[in-house]
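Structure record follows, encoded as structure tokens.
Values quoted throughout were computed directly from the atomic coordinates according to the rules given, and no laboratory measurement underlies them. Keep in mind that this is a model prediction, so the values were computed, not measured. Cβ placement follows ideal geometry from the backbone for every residue including glycine, while neighbour counts extend to all protein chains displayed.
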Amino acid sequence: MNISHDERRSILERTRALKMARSVHAYVRGNTAKFYEWLERSPVAREIPQGPPIWICGDCHLGNLGPLADAERRIDIQIRDLDQTVIGNPAHDLIRLGLSLETAARSSDLPGVTTARMVEAMIEGYARALVPDGDNVMEPDVVRSVRRLAAGRRWRHLAKERIEDVEPSIPLGKRFWKLTDTEWDALRALFAEDAVRDRSLELAGLGPNGRIRVVDAAYWRKGCSSLGKLRYAVLLGVAEKGAKHDRLALVDIKEAVPPVVPTAPTAVIPEDAAERVVTGARALSPNLGERMIPAHLLSRPVVLRELAPQDLKIEVEQFSRKQAVASAAYLAYVVGLAHARQLSLDERSEWRKQLIGRRDGNLDAPSWLWRSIVELAGAHEAGYLDHCRRFALTATED
């Protein structure tokens with residue numbers, strides 16, 4: 001299956017539309033820009049507190065949290081995708097996570113009262129993360145099972161899952177597409193750059209005594225984010241100089257795009273999009289940030305990271321009521337830890353007071369959080385149905 005460079009966009013557009021039509025939960029995950037447009041227009045927008053200006057994820061949904069290995073392959077549950085990271089209002093991460101959990105619960109046919117309990121659990125878990133040396137929130141079964149799976153994974157699992165082979169090549173087909181000569185030349189030149197080569201060898205534990213070569217590469221059709229953007233899978237061979245055999249590493253190269261997330265007015269953020277993503281990742285998700293390299297490819301900012309076998313996302317096909325509430329508490333706790341590590345003790349205390357001091361009379365959670373989730377859930381449900389209508393008409397025409 002050979003996909004020409006000119007055919008990529010139409011295939012990617014249709015793939016993105018199909019993925020977003022699968023469920024309202026998938027629609028929420030793939031529609032960050034609409035989330036912020038609707039949030040800004042929402043009547044409750046003025047009630048959202050201005051939290052301390054810190055690095056936030058910006059696209060904090062259920063699928064963007066999961067096990068991540070650090071450079072030593074130690075595993076923690078952290079934020080996995082920082083494409084939209086900015087210095088902004090941490091309340092936005094809470095609202096987006098809450099909306100994602102609400103749509104996941106509704107997709108599991110759970111009643112609205114479960115959503116209310118999930119929002120209460122979110123605030124409890126998040127607030128606990130802001131307390132220095134506070135009690136940990138217990139991992140729910142759905143997270144614990146993913147962590148156990150991640151801990152047992154090795155290179156052969158990554159190769160089988162990502163490239164469907166353990167031989168040193170990337171098989172072209174549905175997911176991996178042939179490169180143009182220009183793309184090949186650019187990728188080889190990228191790994192010949194001193195900064196990229198030196199940092200890659202350092203992450204491989206080799207330093208100046210190592211060698212690196214591009215074994216194979218392909219355009220990677222991966223997720224909605226690859227639409228019209230640079231996205232490549234590169235198979236590298238790394239070894240000490242003079243060694244007979246290489247160690248293989250699979251590198252994900254992803255174009256860094258301008259954020260759609262509101263930025264704090266006084267924030268000083270790197271102008272280069274790749275530098276912004278890596279800086280935010282190091283603040284929010286150290287396991288991921290320390291494995292990232294900002295660079296430029298074909299005159300565009302890109303972020304490189306070696307894929308670790310232990311890197312997984314939390315996928316929930318069906319929530320039970322108990323799992324939904326426990327997951328809400330734990331995932332909000334993980335986000336709270338990412339925010340808290342950037343704050344002083346006084347800042348943590350003040351932000352926590354803002355959160356727990358504005359409870360709704362009938363709900364043990366802030367009214368602005370509940371109302372934001374309800375407003376956005378309605379807007380996304382309507383947007384999802386309209387998307388499905390347009391997609392169905394397009395499919396009929398095809």
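Pick from Leu130, Leu284, Leu201 the residue whose mean-square fluctuation is largest in a GNM of the chain, springs joining Cα atoms under 10 Å.
Taking springs between Cα atoms under 10 Å, the residue moving most is Leu201.
As I understand it, the value is the acute angle between the Cα axis of helix 112-129 and the longest principal axis of the Cα atoms of the chain; what does it come to in degrees, rounded to 10?
Tilt of helix 112-129: around 70 degrees.
Apply the Karplus parameterisation 6.51 cos²θ - 1.76 cosθ + 1.60, with θ equal to phi minus 60°, to every residue of the stretch 94-110 and state each ³J(HN,Hα) to the nearest whole Hz, in sequence, with x for glycine and proline.
Ordered by residue, 3J(HN,Hα) equals 5, 5, 5, 5, x, 5, 4, 5, 4, 5, 5, 5, 5, 5, 8, 6, 8 Hz.
Counting other beta carbons within 10 Å of each residue's own, what order do Ser100, Ser372, Ser10, Ser145 fall into, fewest first?
By the 10 Å Cβ count, ascending: Ser10, Ser145, Ser100, Ser372.
If amide H atoms are built 1.01 Å from N in the plane of the peptide, which residues on other chains or at least 5 residues away come under 5 Å of the amide H of Gly66?
Long-range HN contacts for Gly66: Gln78, Arg80.
So what J values fall out for the stretch 373-383 if you push phi through Karplus, 6.51 cos²θ - 1.76 cosθ + 1.60 with θ = phi - 60°, rounded to Hz, Gly and Pro as x?
5, 5, 4, 6, 4, x, 5, 6, 4, 5, x
Please report the equivalent ellipsoid semi-axes of the chain, computed as sqrt(5 x eigenvalue) of the Cα gyration tensor, largest first, in whole Å.
Semi-axes, largest first: 36, 25, 20 Å.
Around Trp55, under 12 Å between beta carbons, what's the net of Lys plus Arg minus Asp minus Glu among the other residues?
Charge balance near Trp55 sits at +2.
Is it possible to state the helix-based mean residue ellipticity at 222 nm for the chain, with each DSSP H run of 4+ residues giving -39500 (n - 2.57), the sum divided by total residues, to the nearest 500 deg cm²/dmol? What is it?
The helix-only estimate for the chain comes to -14500 deg cm²/dmol at 222 nm.
Once both axes come from the Cα atoms, what is the angle between helix 273-284 and the longest principal axis of the chain, in degrees from 0 to 90, rounded to 10?
In the chain, helix 273-284 runs at an angle near 60 degrees to the longest axis.
According to the square roots a ≥ b ≥ c of the eigenvalues of the Cα gyration tensor, what is the shape class of the stretch 241-398, taking rounded for a/c under 1.5, prolate for a/b larger than b/c otherwise, and oblate for the remainder?
Oblate, because a/c is 1.5 or more while a/b does not exceed b/c.
Measure nothing fancy, just the Cα-based angle from helix 181-192's long axis to the longest principal axis of the chain, in degrees from 0 to 90, nearest 10.
Helix 181-192 sits at roughly 80 degrees to that axis.
Could you line up Lys353, Lys254, Lys222 from fewest to most neighbouring Cβ atoms inside 10 Å?
Lys353, Lys222, Lys254
Would you mind ranking Arg80, Arg321 so that the residue whose beta carbon has the fewest other beta carbons within 10 Å leads the list?
Arg321, Arg80
Under 8 Å for C-alpha pairs, at least 6 residues apart: give me the relative contact order for the chain, rounded to a whole percent.
29
Hey, how many Å between the Cα centroid of the stretch 1-77 and the Cα centroid of the stretch 287-324?
If we compute the Cα centre of each part, the gap is 12 Å.
Quote the charge dipole size of the chain about the Cα centre in Debye, to the nearest 20; the model charges only the Cβ of Lys and Arg (+1) and of Asp and Glu (-1).
It comes to approximately 720 debye.
Over the stretch 155-306, what lengths in whole Å, largest first, do the semi-axes of the equivalent ellipsoid take, defined as the square roots of 5 times the eigenvalues of the alpha-carbon gyration tensor?
Output for the stretch 155-306: semi-axes of 26, 19, 14 Å.
Could you go through the stretch 294-305 in sequence order and give the Karplus-derived ³J(HN,Hα) for each residue, using 6.51 cos²θ - 1.76 cosθ + 1.60 with θ = phi - 60°, rounded to whole Hz, and x for Gly and Pro?
x, 7, 10, 9, 6, 6, 10, x, 9, 10, 9, 8
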